[in-house]
Amino acid sequence: MARSLASWNVDIGWHAQALCVGEDPELFFPLGETDTAAAPARTVCRRCPVLNDCRDWAVRHGETDGVWGATTPSQRRALRRAVLAASARALLEQAAEQQLP
């Protein structure tokens, strides 16, 4: 299902500066998740001034479709797992420190 960030009725701030605004949404929602299918969108993303904001938003919100911040869904899942694992480790370390006399 193709979606256009420009058509969303949300205010996420950075999206007004995104280079994908005005592009064909199909470019960012290819039928496959291969490097070849994602390459045209990633080319746009890599020139974008809000690439990191876009990627961060997609990871934080669990965006499961399309190319966001030059990442595919599987790449974002891996990033999300890494972020969650790091957060869990930090919480465990903090809890261990609080129990020490």
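A few comments on the model shown:
- Looking at the chain, the accessible area is 66 square angstrom per residue; that uses a 1.4 Å probe and ignores ligands, DNA and RNA.
- FRET efficiency for Glu33 and Arg60, using Cβ-Cβ distance with R0 set to 30 Å, rounded to 0.05: 0.90
- Net charge, Cys45 excluded, C-beta distance under 11 Å - Lys, Arg +1, Asp, Glu -1: +3
- Highest-MSF residue in the chain out of Arg81, Arg89, Arg60 [GNM, Cα springs under 10 Å]: Arg89
- Projected label points at Val21 and Val83, each 7 Å from Cα along the beta carbon direction, are separated by 2.2 nanometres.
- Using alpha-carbon coordinates, inclination of helix 35-47 to the longest axis of the chain, degrees: 80 degrees
The values are calculated or read from the model by the stated rules, or taken from the named source; none is laboratory data. What you are looking at is a predicted structure, and each value in this text was computed from that prediction instead of being measured. When we count neighbours, we look across all protein chains shown, and the Cβ atoms used for this are built from the backbone with ideal geometry, even at glycine. When the accessible area is computed, the model is the full protein with side chains, heavy atoms only, and any ligands, DNA or RNA have been set aside. Shrake-Rupley method; radii C 1.70, N 1.55, O 1.52, S 1.80 Å.
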